[in-house]
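The values are calculated or read from the model by the stated rules, or taken from the named source; none is laboratory data. Model, not experiment: these values are computed from the prediction. We place every Cβ from the backbone using ideal geometry, glycine too, and count neighbours over all the protein chains shown. Side chains are part of the model used for accessible areas, which takes the heavy atoms of the whole protein and leaves out ligands, DNA and RNA. Shrake-Rupley method; radii C 1.70, N 1.55, O 1.52, S 1.80 Å.
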Amino acid sequence: FKKQREPSRLPSKADAEFDRISNLPGHVIDQILSRLPIRDAVRSSVLSRKWRYKWATIPCLVFDNHCFNFSSQDQSFIKNKLVNIIDHVLLLHNGPIHKFKLSHRDLLGVTDIDRWILCISRSSIKEVVLEIWKGQRYKPPSCLFNCQNLIHLELFNCLLKPPLMFKGFKNLKSLDLQHITITQDVFEKLISSCPSLERLTLMNFTGVTHLIIDAPNLQFFDIGGIFEDVSFLNTVHLSLVSIGLYVNIDNEENGAQDNSSKLLRFFVNLPHIRRLEIQSYFLKYLAMGYVPSRLPNLCVDLNHLSIRIDFDDLEENTAALCLLRSCPNLQELEMLARPEEQSSMERSTNFWEDDHWSSLFAHLRLVKVSGISGVKSEMDFIKFLLSNSPVLEQLTVKPASQEGEWELMKELLRFRRASIYAEVIYLDP
C-alpha cells in the first residue's frame, strides 16, 4: 500500500517573529550593510542563509580604524593581517565598487595598495580615499588616473605623478589633497583638466610655489601651506574661500620687488564670493604692494568675513580696512588677533580712531574678536566697530589670557554702541 505524505507544517507565528530578519527586503538589507563597518558586514553572513555573502555586493568598501581593532603591538603582524583581510574582501566581492576608502593608521604605503587600486579601477569607482599615515609618501599607480568615473578623490601623504597620457578627470567634482608632493606643471594641468571640479582642498604641500587656480565650476576652495603667490583664473562661481599662508612675510623686502596690488589681483576673479576666511599670515600677503582705500568692484555678495590679523601692523590694518570698506552687505565678522614680537606700528598710533568711514556697517549683526590682550590698537578696533554698527546684535570677545581680565571687561562696557540692541559677551580664555 502507498504511504501517505505528511502535510508540511506551516511556520508558526513564533517562527515568523524569530526569522523576521531573514524576511527583510533586499534593498533594506543593502542599506543596513552599507552603514556597517566592513568587519560587521562580513560577520552578518551568520545571521541567515539569505544574508550569507550578501556583504559581497555592497558598493562601498571602507577600511579604517573603525573596522579593525588589533590587540597586538607587533607592526608586522598588524600589517599582514590588514593585507590579508583586504585581499579576502576584494577577492570575494561581487558587483560594482563605487567607493573605496583606505585609512588605517597602522598601514604603510605598501606595494599591496597598487594591487588593490588596480582591482577597483576595473570597476565603476566613483570615490577613492587614500590616507597613508605612516612611511614615505605613497605614489599611486598609473591605473588610478584611468578612473574616469571618479567624482571624489582624496589623497593624504602621497606623491602625485600622473602618467604622461593623463587627460584629466572629466567627472571629478571634489579633490582633497593633503600632505602631498606635486610639481608646479602637474598641479596646473590637474586642476585645469578637471572641468567639473566644484570643491578643492589643498593642505601642507610641497613642489608648488605659484598657485594658479583655473576651474570654471569651482565653488569651494580651502588651502593652507607655504607658497609665494596665488591667482584665480576663470573662477566666477567661486563663493567660499578659506586660505592660510603658514610663513611670515617681509613686506618691505617683497614690496621692493613688486609694487603691484596683491589685493586687487586676488579679488579680480572672485565676483560672487560669499564667505572668506583669511588665516595665518595671508593678510600680510594681501597687504603687499599698493593697497587701495577700497576695491574697485565691491564684494556685494560677501556676508561672512574672518581675518587673522596683527592689530599692531600698519600694513595689515590698512588691508583689513580696505576689505571692510569693500563688503557693504557684511553680516558676520570674525577677527582673530595674531600678536607679533616686532611691529611696524607704534602702540600709541590711533589708526582705528581716525575718520576712515564714509558709510556704516549697515548689515553687520554678529562680531567675534578672539585672542586679544587688551592693547590700545585692539580696543580701538572694537570701539570702532561698536560705534559704526547700527544693527549689531552681538559682540563676543575672547581674550588670549586671564591677565587684566577685569579691567578689559570694564573698558568694553564703557564703549558707545550705535545699536541699542548690541549685546557684549565676554568669554573666558
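Yes/no per residue for (1) among the β-branched types (V, I, T); (2) at pLDDT below 95:
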site	(1), (2)
M165	no, yes
G168	no, yes
K173	no, no
L177	no, no
T181	yes, no
S196	no, no
F205	no, no
Review point. Quick one: in segment 123-138, which of the residues that are closer than 22 Å to I151 by Cβ and modelled with pLDDT under 90 is nearest to the chain's Cα centre (by Cα)?
Key: S124
**Study point:** Residues (in a loop (DSSP other than H, G, I, E, B), open to solvent by less than 90 Å² (accessible area, probe 1.4 Å) and in contact with a Gly (Cβ under 9 Å, 6 or more places away or on another chain)) located in segment 390-429
**Key:** A400, G404, P429
Exercise for review: Tell me which of these L283 doesn't satisfy, since it passes every other one: (1) open to solvent by less than 60 Å² (accessible area, probe 1.4 Å); (2) more than 24 Å from E131 (Cα to Cα); (3) within 17 Å of the chain's Cα centre (by Cα).
Suggested key: (3)
Practice item. Output the helices (runs of 4 or more DSSP H) that fall wholly within segment 152-270 and possess 2 or more residues being basic (K, R), or say none. Key: 262-267
**Study point:** Selection count where residues are of a type in the set (K, R) and surrounded by fewer than 16 Cβ atoms within 10 Å (Cβ to Cβ), scope segment 162-187
**Key:** 2
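Here's the yes/no breakdown for (1) at pLDDT below 95; (2) in contact with a Cys (Cβ under 6 Å, 6 or more places away or on another chain); (3) aliphatic (A, V, I, L, M):
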{"position": "N329", "(1), (2), (3)": "no, no, no"}
{"position": "E332", "(1), (2), (3)": "no, no, no"}
{"position": "L336", "(1), (2), (3)": "no, no, yes"}
{"position": "M345", "(1), (2), (3)": "yes, no, yes"}
{"position": "F381", "(1), (2), (3)": "yes, no, no"}
{"position": "F384", "(1), (2), (3)": "yes, no, no"}
{"position": "E407", "(1), (2), (3)": "yes, no, no"}
{"position": "L427", "(1), (2), (3)": "yes, no, yes"}
Exercise for review: Could you name every one of the strands (runs of 3 or more DSSP E) located completely within segment 272-339 that has at least 2 residues being within 22 Å of K383 (Cα to Cα)?
Suggested key: 304-309, 332-337
Practice item. Return the pairs, sorted by first residue and then second, in which the second residue is charged (D, E, K, R) and assigned to a loop (DSSP other than H, G, I, E, B), the first residue lies in segment 267-296 and is over 28 Å from G371 (Cα atoms), the beta carbons are less than 6 Å apart, and the residues are 6+ apart or on different chains. Key: H272/D301
Study note, to complete from the structure: Condition set under 14 Å from L102 (Cα atoms) and assigned to a helix (DSSP H, G or I), scope segment 40-83, selection modelled with the highest pLDDT: answer is V83
**Study point:** Subset of segment 104-113 [surrounded by fewer than 18 Cβ atoms within 10 Å (Cβ to Cβ) and either in a loop (DSSP other than H, G, I, E, B) or modelled with pLDDT of 95 or more (or both)]
**Key:** R105, D106, V110, T111
Practice item. Answer yes if at least one residue in segment 308-324 is among the polar types (S, T, N, Q) and open to solvent by 50 Å² or more (accessible area, probe 1.4 Å), and no otherwise. Key: no
**Study point:** Failed criterion for I223 (all others in (1) surrounded by 15 or more Cβ atoms within 10 Å (Cβ to Cβ); (2) farther than 30 Å from P328 by Cβ hold)
**Key:** (2)
Point to revise | Failed condition for Q136, given (1) touching a residue at least 24 places away in the same chain (Cβ under 8 Å); (2) open to solvent by less than 70 Å² (accessible area, probe 1.4 Å) | key: (2)
Exercise for review: Evaluate the following for N149: is it in contact with a His (Cβ under 9 Å, 6 or more places away or on another chain), part of a loop (DSSP other than H, G, I, E, B) and either at pLDDT 90 or above or buried (at least 18 other Cβ atoms within 10 Å of the Cβ) (or both)?
Suggested key: yes
